[in-house]
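Undergrad: Have a look at this one before I ask anything.
The values are calculated or read from the model by the stated rules, or taken from the named source; none is laboratory data. All figures in this text were calculated on a predicted structure; none of them were measured in a lab. Please note: Cβ atoms are built from the backbone with ideal geometry, for glycine as well, and neighbour counts cover all protein chains shown. All accessible areas refer to the heavy atoms of the entire protein, side chains included, with ligands and DNA or RNA removed. Shrake-Rupley method; radii C 1.70, N 1.55, O 1.52, S 1.80 Å.
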Amino acid sequence: MFEVEISNMAGDSVARRIAVPDSINPSDRTACLAAAFKQLLTEDAPLSGLNFDALHLTDCDLSGRDFSGSSFNHAILHACRFDHARLNGVHAMGAQFAHSSFQGAQLYGAILKLADFSMTDLTQANFCGASLVEADLRGASLSDTRFDGAALSGATFDDVDFAAGSFAGCALREAKVGHFLWGNEDVFHPPVTFSGSVFPVRLFEDFLMMAGTMFPRDQIEGGDSDDATPAELTYLREYRDLLTFFMDAQVKDRSTHGPADPSLTGVH
């Protein structure tokens, strides 16, 4: 047996020393870290606040674990299960979570820049206040997923159903989307209703309709309109980035796939 040192989240001091079998090559940092991590799981030891940068695991069940304040920068965690895990404040820049499951997971304020969540089940996950700048969410399941206040600038969405997610107050500038779904259907001009909002909105490429009033795109981008009530102006300003994001997405989707069935669906 020999010991593997696990540092704290900042990486500036040793938090744990874990004994691992001699069968593992001590010079293989990746294998040593994976063995130490699995030993911590076996011991049911506390995992929050630790540094697991560059950890490599596949098909590992981490459901219900508390990783709050830990670091997984550039980790590769393919097809892992984080269902109902707590990852609040986690640093996982450049981490790869493709084909994993985060059902009901909490990721408040997590730093997830450039993270890969492609083909990942994010059902009922909470990313409120998280940074997902330039993250990859292609093919992710967003059913009842909350991104309120999250930074999604430069994030990539393709083949994602936006209808069941919550995006209030998101920063979506330069976010990219190819084909997208609404209520599991190909829908142009989707009617949008946000949680807590009394204003159902029907989106078009260059304007939106709110309570029977048309608001051109320039009024949305400027957050001002002579025709809007104070409550409607507040709505336009709060959801400006999100509304213009979906307008752009419709233009791109239509140019790629052509006209679609204009069925009505909604967001809850």
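Undergrad: Out of the residues in region 219-268 meeting the condition of being at pLDDT 70 or above and among the basic types (Lys, Arg), tell me which one is most open to solvent (accessible area, probe 1.4 Å).
TA: It comes out as Arg237.
Undergrad: Any residue that is under 21 Å from Asp148 (Cα atoms), open to solvent by less than 40 Å² (accessible area, probe 1.4 Å), assigned to a strand (DSSP E or B) and modelled with pLDDT under 70 - is there at least one of those in region 176-195?
TA: Checking region 176-195: at least one residue is under 21 Å from Asp148 (Cα atoms), open to solvent by less than 40 Å² (accessible area, probe 1.4 Å), assigned to a strand (DSSP E or B) and modelled with pLDDT under 70.
Undergrad: Now for a different question. Please state which one of Thr120, Thr145 is touching a His at 6+ places or on another chain (Cβ under 8 Å) and crowded, with 18+ Cβ neighbours inside 10 Å.
TA: Thr120
Undergrad: Same structure again: Listed residues Phe97, Phe67, Phe52, Phe102; which is modelled with pLDDT of 95 or more, in contact with a helix residue (DSSP H, G or I) (Cβ under 8 Å, 6 or more places away or on another chain), of a type in the set (Phe, Trp, Tyr) and crowded, with 20+ Cβ neighbours inside 10 Å?
TA: Criteria check complete, one pass: Phe52.
Undergrad: Open to solvent by less than 10 Å² (accessible area, probe 1.4 Å), touching a Lys or Arg at 6+ places or on another chain (Cβ under 6 Å) and either modelled with pLDDT of 95 or more or more than 23 Å from Ser153 (Cα to Cα) (or both): does that describe Ala110?
TA: It is false that Ala110 is open to solvent by less than 10 Å² (accessible area, probe 1.4 Å), touching a Lys or Arg at 6+ places or on another chain (Cβ under 6 Å) and either modelled with pLDDT of 95 or more or more than 23 Å from Ser153 (Cα to Cα) (or both).
Undergrad: Return a yes/no flag: does region 33-46 have any residue that is open to solvent by less than 30 Å² (accessible area, probe 1.4 Å) and in contact with a helix residue (DSSP H, G or I) (Cβ under 7 Å, 6 or more places away or on another chain).
TA: no
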